[in-house]
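Colleague: Before I ask anything, let me first share the structure, which is written out below as structure tokens.
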Amino acid sequence: MDNIKTLVNNVTDVFVSLLALAIVASLLVGPSNMAFLGDVAGNITSLVATLGAAGLPGLIALGIILMLFRQG
């Protein structure tokens, strides 16, 4: 079971790093020049706006998401 947790944590770390790279690249070259990644920054902005518009449930969902990332 510990091996599975380690594997999931490592894969999550890789995806978070790739997400950070995609955000920086999207901001530098623009979403129209990133054919395979799309509008990463726009998608994150949309997610935050959706969670913010949801009020308390959105805040609770954001807290759960942050808690899951911090456990890794």
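No lab work stands behind these numbers, since they all come straight from the coordinates. Predicted model, so just to flag it, every value in this text is computed and none were measured. Every residue, glycine among them, receives a Cβ derived from its backbone with ideal geometry; neighbour counts consider all protein chains shown.
Colleague: How many angstrom lie between the Cα centre of region 1-23 and the Cα centre of region 39-62?
Modeller: First find each Cα centre; the distance between them is then 22 Å.
Colleague: For the chain, what does the relative contact order come out to in percent, with C-alpha contacts under 8 Å and a separation of six or more? List each step's numbers first, then the result.
Modeller: Numbers: 25 pairs, mean separation 12.4, N = 72.
Reported as a whole number, the value is 17 percent.
Colleague: Right, something else. Binning at 5 angstrom from zero up to the longest distance, how are the C-alpha pair distances of the chain distributed in percent?
Modeller: Result, from short to long distances: 3, 15, 16, 18, 18, 17, 10, 3, 0 percent.
Colleague: If I model a spin label at Ile44 and Thr6 as a point 7 Å from the Cα along the Cα→Cβ vector, what separation in nanometres do I get?
Modeller: Calculated label separation equals 3.0 nm.
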